[in-house]
Amino acid sequence: MGISGRVCSARGRAAAALLLAGLACSDPAAPRRDAGARDRGPAARDGGSDAALAANIGTICRGVGDCLPGSPICLTFDDARGLGVCTRRCTADDPATVDPLNEDDCRPAAEVACAALTAGDAFCLRKCTPSLKQEGCPPEQVCHPATDIWLLTRHRALCWRPRCRTDRDCPVRTPTICARDAQCAAVGAGAFCAAEGRCALPGRCGATGLCAPHAHGRSTAQVGDPCTSDLDCSAQGECLSDGLEDASSSAASGADGGRFPRGYCTVPFCAFADTLPEYDCPSGSTCHNGFAGGRCLKRCELADPGSCRGQPADRGGDYECYSWQNFATGDGRDLASAPVCGPAALVGCATLPNAAGCDQLAGPGNPTRMSCRDSSSGATLTDPRSAAGRCLDDTASGPYR
């Protein structure tokens, strides 16, 4: 869990833009919002730039000849089809500066924003609001919730990802390993070998190019349930597990690296539940706004270890009940409105912003003694910000190894 942030003086607490590696960004151990999503930086075809000239930022292009002088870069977003958007380089807003200072120099500010897509380059992109009913981007693109990771003011997204075109673009992953489609015939009708080497069933590509809840999955599944594939989770959910990519941002993420032991059912996109009610958090879960696009995590009681996962296979140091109310996104939203059960592997002692201690993730007075501990033994470490430690308390999710 890479977290960057600033002190929110108005509320007297740390404000954090929590960037979850693999789920939206682990590359962002850096303080800037990093794509972490692409294996290489986006290809920029640049014809030279002048922000004062006429621009057509966000217009689909195949080369710089399609772009106006004020947006002379054709920035590739779809390699397969050779499509890009007209844009220009920009200065992104710095979350370390005090409000109301905003360094974002993209204009008009109501329509476009500066997004740091790679560690070294930031570009002006069109803002949008994700929906399964109303288009918000050019027909070649989708307004994807996970793109909010590049904006200090969350709850807005960007026109950047290619839209889904068929149900196969929304894979529902199974546990079956594969190298070619023929190996998936027994999995079900239409099954195919998805990019991460797992057999998948076609999901459902929505009318706006965003993947919609599908017809597979388990109707009785709940957020936080263990899982080995998306089939173990609900129709709007997905499984975060060792070896499985984060389907909601597969073009901009990477594998979760096993940071969710024995799998964890979650629902994506909940930060946009007002325009995506299909992805509202079900009963017993709360939206964690630190994930790209938001993710539903299981609600829990800080002093009750059984309320986190309550799974006999879980071990000490696997999961922990965390209170994120002491942390906020750059625009002042609580990372989560109630304590939630999350993987301890993503909450390193040294990753909390503004030198905050692990006790900030506990309840008032820290009754469960949340501290920086060894994840294998649960022993408290001398250094409260040890890079090797995890934020854990007395309510272990199971016996330690």
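Miscellaneous remarks
- Spatial offset of the stretch 278-304 relative to the stretch 149-225 amounts to 21 Å, using the alpha carbon center of each.
- Peptides 156-166, 122-132, 278-288 ordered by average Cβ neighbours within 10 Å, highest first: 122-132, 156-166, 278-288
- Point-charge dipole on Cβ atoms (K/R +1, D/E -1) for the stretch 288-401, about Cα centre, debye to 20: 220
- Fewest-first sequence of Ser219, Ser337 by Cβ atoms within 10 Å of each Cβ: Ser219, Ser337
- The ranking of Thr228, Thr174 from fewest to most other beta carbons within 10 Å of each one's beta carbon is Thr228, Thr174.
- Inter-label distance, nm, simple model (7 Å from Cα along the C-beta direction), Arg369/Ala303: 1.5
- Entry for the stretch 95-217 at q = 0.14, 0.18, 0.21 Å⁻¹: log10 I(q)/I(0) = -0.71, -0.93, -1.08, Debye formula applied to identical alpha-carbon scatterers, no solvent contribution.
- Environment charge of Gly389, counting only residues whose C-beta is closer than 11 Å and scoring Lys/Arg +1, Asp/Glu -1: +1
- When Asp78, Asp148 are sorted by how many other C-beta atoms sit within 10 angstrom of their C-beta, beginning with the fewest, the order is Asp78, Asp148.
Computed from the coordinates by the stated procedures, all read-outs in this text should not be read as laboratory data. It should be emphasised that the depicted structure is a prediction, and the values quoted were computed from it without experimental measurement. Heads up, the Cβs are rebuilt from the backbone with ideal geometry, glycines too, and the neighbour counts pull from every protein chain shown.
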